[in-house]
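Student: Quick one: the structure is below, and I'll ask about it shortly.
The values are calculated or read from the model by the stated rules, or taken from the named source; none is laboratory data. The model shown is predicted, which means the values in this text are computed figures rather than measured ones. As a convention, Cβ positions derive from the backbone with ideal geometry for all residues, glycine included, and neighbour counts pool all protein chains shown. These area figures cover heavy atoms from the full protein model, side chains too; ligands, DNA and RNA do not enter into them. Shrake-Rupley method; radii C 1.70, N 1.55, O 1.52, S 1.80 Å.
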Amino acid sequence: MNPLTHFKRTPIPPFLVALALVALSSPTVARGDAVTDWNMIASTTIVVNGGQPPPVSVLSFAMVQGAVYDAVNAIDRGHRPYLVQPNANPTDSKEAAAATASFRVLVGFPDLPGLFPAQLPTLQPQYDAYIANLPDHPPGSRAAGVTIGETTARAMLEERINDGRFGPPPQLYPPAPGIWRPTPPNFANDPAPWVGNVLPFLVPSVEMLRTDGPNALTSADYAEDFNEVKELGSLTSITRTADQTDAAIFWQDHAVALWNRIFRTLATSQGLDIVESARLFAMENLAAADSQIGGWNDKYYWQSWRPITAIREADTDGNPATEADPTWLPLFDPATAVCHPPLLVTPPFPEHPSGHACATSAFVHALQEFFRSDRIGFSAFSNKSCTTRSFDRFSHALKEVIDARVWAGIHFRTADTQGAVLGRKVAHYMTRHYFQPNRRHP
């Protein structure tokens, strides 16, 4: 039985699809401010056209949004800079500064490569049209904004030269009970095993983010996690509900793109101005970047096996409370229907901690810090399940992600809860050390 046959999906009306395509293709359509506009353009560049997976894409988002924040903040002067605070006048165009900072980090300069220089032919016309449609009051304010954006973008690109991106992979441990190895059906390897060796954006070292690690194979805690995912995460589970199945598939949408859509929605629904939006997007993506760097470093420190391997080879774990099932399959299997490709499989990298839980926790705790509240409702649409889910609190989304990775059959609960702790550590460190308000002079 297909586990998706007993819940109703929310279809996408054709006119909404058309509007979405127009919004992505037309740089002159007003959707908010330059921060949200260029976050959408950056998401298309990084995720859709660039094809970067979540743990890689968030590094790119962090670079873009960090430069955008410094550009807008240079004019506002309300908070401390992330990297630089170039000279500016209060009347300089924040919109031009934000658009230029994003554009230049994405495509670079003639003497300094950006993230996606090959996309210059696509992005240059969008940028030129966007800048041309901005007001220039007082005269020269637009050009001044462009100069500020170029300055902060250059600072970001120079800061991240030789930062470990795309470096060599860590060494894998020899196969043994509890140790990760590629999983069926495709037995793929991690497309970005180097993420854990990238220089962090915020924290002084990844070692401060080290988790307690997976449970010992012979422990009662391990058996509890094992039997939970074996039952609830099975492809043919009779105890997982239709809503839990939907949640599991929902959150397998590209996590970083999904959360940045949520941030754009919140910027509008909460009435943020361009200064506030720039700070929100920088806080969120910089915190999430370090959560992924820390999470991937931790994954290859522990190199723990996935449930599909653990359950099929339980006769080797030395735990009398676990029982092997050599044919067990998780919900995340190509047999499970999804709205858009690729098909679902067990992620091709070590299990502990959950990268999604690391990122979602960083996102959620940064949202709580920014808004000084957890009790803000929001809805989001997933391109993987083609359903919309709604939440009354930010923390409810984090709780659901922790559960959803178990329902998906790809994580033990301990990996999710410890990943959430890692993400929270990053967000709290950021709050103490970055984005502090400046004292206004009378």
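Student: Kindly list, by first and then second residue, each pair from a residue in the range 216-243 that is free of Cβ contacts under 8 Å to residues at least 12 places away in the same chain to a residue that is surrounded by 14 or more Cβ atoms within 10 Å (Cβ to Cβ) and assigned to a loop (DSSP other than H, G, I, E, B), limited to pairs with Cβ atoms under 7 Å and residues at least 6 apart or on different chains.
Tutor: Taking only residues 6 or more apart or on different chains, the pairs are Glu231/Ser237.
Student: Further, regarding this structure: Return the residues of the range 148-158 that are without any contact (Cβ under 8 Å) to a residue 60 or more places away in the chain and of a type in the set (Val, Ile, Thr); say none if nothing qualifies.
Tutor: Selection gives nothing.
Student: Now, a different point. Looking at (1) under 24 Å from the mean Cα position of the chain (by Cα); (2) open to solvent by 80 Å² or more (accessible area, probe 1.4 Å); (3) within 17 Å of Trp305 (Cβ to Cβ), find the lone condition where Pro174 falls short.
Tutor: (1)
Student: Can you pull out the helices (runs of 4 or more DSSP H) entirely within the range 338-442 that have at least 1 residues that are among the polar types (S, T, N, Q) and farther than 19 Å from Ser269 by Cα?
Tutor: 355-371, 413-433
Table: residues versus (1) at pLDDT below 95; (2) touching a Pro at 6+ places or on another chain (Cβ under 9 Å); (3) among the small types (Gly, Ala, Ser).
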site: Lys8; (1), (2), (3): yes, no, no
site: Val22; (1), (2), (3): yes, no, no
site: Ala30; (1), (2), (3): yes, no, yes
site: Ser102; (1), (2), (3): no, no, yes
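Student: Let me ask something else about it. For the range 201-248, which positions are among the hydrophobic types (A, V, I, L, M, F, W, C) and in a helix (DSSP H, G or I)?
Tutor: Pass one, the range 201-248, residues among the hydrophobic types (A, V, I, L, M, F, W, C): 201-203, 206, 208-209, 216-217, 220, 223, 226, 229, 232, 235, 238, 242, 247-248.
Selection gives Val206, Met208, Leu209, Ala220, Ala223, Phe226, Val229, Leu232, Ala242, Ala247, Ala248.
Student: So if I check each of Ala220, Ala247, Ala242, Ala216, which one is closer than 30 Å to Ser390 by Cα and surrounded by fewer than 14 Cβ atoms within 10 Å (Cβ to Cβ)? Let's see the steps before the verdict.
Tutor: Working: Ala220 fails: closer than 30 Å to Ser390 by Cα; Ala247 fails: surrounded by fewer than 14 Cβ atoms within 10 Å (Cβ to Cβ); Ala216 fails: closer than 30 Å to Ser390 by Cα.
Being closer than 30 Å to Ser390 by Cα and surrounded by fewer than 14 Cβ atoms within 10 Å (Cβ to Cβ) holds for just one of Ala220, Ala247, Ala242, Ala216, which is Ala242.
Student: Given the condition among the basic types (Lys, Arg) and touching a Leu at 6+ places or on another chain (Cβ under 7 Å), answer yes or no: does some residue in the range 82-94 qualify?
Tutor: no
Student: I'd like the full set of residues that are in contact with a strand residue (DSSP E or B) (Cβ under 6 Å, 6 or more places away or on another chain) and open to solvent by 10 Å² or more (accessible area, probe 1.4 Å), limited to the range 39-96.
Tutor: Step one: of the range 39-96, the residues in contact with a strand residue (DSSP E or B) (Cβ under 6 Å, 6 or more places away or on another chain) are 73, 79.
Scanning the range 39-96 gives a single hit, His79.
Student: For the range 181-200, how many residues are in a loop (DSSP other than H, G, I, E, B), open to solvent by less than 40 Å² (accessible area, probe 1.4 Å) and closer than 29 Å to Asn162 by Cα?
Tutor: Count: 5.
Student: Turning to a different aspect of this structure: What do you reckon, is Pro139 out of contact with any Asp or Glu (no Cβ under 8 Å at 6 or more places or on another chain) and under 20 Å from Thr44 (Cα atoms)?
Tutor: no
Student: Could I ask something else about it? Consider the range 324-336. How many of its residues are assigned to a loop (DSSP other than H, G, I, E, B), within 13 Å of Val229 (Cα to Cα) and open to solvent by less than 20 Å² (accessible area, probe 1.4 Å)?
Tutor: Number satisfying all stated conditions: 3.
Student: Moving on to the next point. Pairs only if they're at least six apart or on different chains, beta carbon under 8 angstrom, first in the range 159-186 and over 30 Å from Trp328 (Cα atoms) and at pLDDT 95 or above, second part of a loop (DSSP other than H, G, I, E, B) and open to solvent by 70 Å² or more (accessible area, probe 1.4 Å); list them, first residue then second.
Tutor: These pairs meet every condition: Arg160/Leu199; Asp163/Leu199; Gly164/Leu199.
Student: Is at least one residue of the range 283-295 outside any loop (DSSP other than H, G, I, E, B), surrounded by fewer than 21 Cβ atoms within 10 Å (Cβ to Cβ) and not small (Gly, Ala, Ser)?
Tutor: No, the range 283-295 has no match at all.
Student: Just to be sure, is Val421 within 24 Å of Tyr301 (Cβ to Cβ), touching a Lys or Arg at 6+ places or on another chain (Cβ under 7 Å) and either surrounded by fewer than 23 Cβ atoms within 10 Å (Cβ to Cβ) or of a type in the set (A, V, I, L, M) (or both)?
Tutor: no
Student: While we're looking at this one, here's another question. Criterion first (open to solvent by 30 Å² or more (accessible area, probe 1.4 Å) and touching a Lys or Arg at 6+ places or on another chain (Cβ under 9 Å)) does Arg142 satisfy it?
Tutor: no
Student: If you don't mind, there's one more thing I want to ask. Out of the residues in the range 297-323 meeting the condition of being of a type outside the set (Ser, Thr, Tyr), open to solvent by 10 Å² or more (accessible area, probe 1.4 Å) and part of a helix (DSSP H, G or I), tell me which one is farthest from Ser234 (Cα to Cα).
Tutor: Within the range 297-323, the match that is farthest from Ser234 (Cα to Cα) is Asn297.
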